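Rule-based calculations on the coordinates, nothing more; no lab input. Because the structure is predicted, anything quoted here is derived from the model rather than measured.
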């Protein structure tokens, strides 16, 4: 069964990637077996990974070393914090078999990549992701290499707790726009809100970008579009206030930046089979952009 989206590499202009391979970044190709095996375990709800011992520890350390070499300082007062932004494309594409779920997931990843590829001035806005070592090796590491992300905070696989302490403290004085997945008090994005709001409980400078947020496919609903954005506060499920929920375009406009354009043209596709999803047949019908150079100061 295909769990990942084989089109993901082409979305950032990589034409020669083997679509059967889950890892997009060739620097981590030796770990293909490890990530693919973990993906199978995660899909079967038999995920017992522990990044603290054995091969998993060696893998984590390689990801951490790569991150330390490629991350860049966050220069701006405004940060777009993307929680596990490609989780669905890497792990859960075979679950998007009803309603608008596939369209919802595709819309979010296309908007997210369109914003990253736009090349905004890093002195005005910084893009930071949180990702597990597995998904860092698959995709977000190559975005970090290209300067599309300033940093990637490495977290556990099934929650947003950072692998190294105090990773979120750096952002306590920033204006933060949160996006990614999954929405919910006990889910990863809810965990990100909790991590941030431990030092910023008044929600004064924290916003949720609703059109860049997904509900979990495991909810069983026909759509992945959230109605409310939730997190855990004092042990209770709490919704983000309506005035703190904003669209991706409005969030950019609010800090004086020009709007982005969606770089992808996706033709209408037939409903997928229920038990197996294959994207290979539609690759030739999509107009893929070429990846621009990262922003450079004039």
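Figures for the structure shown
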{"read-out": "Cα gyration tensor, the range 158-199 - rounded (a/c under 1.5), prolate or oblate", "value": "oblate"}
{"read-out": "Global geometry of the range 9-285, whether rounded, prolate or oblate, following the gyration tensor of its Cα atoms and the 1.5 cut on a/c", "value": "rounded"}
{"read-out": "Rounded to 5, percent antiparallel among DSSP beta bridges of the range 9-285", "value": "20 percent"}
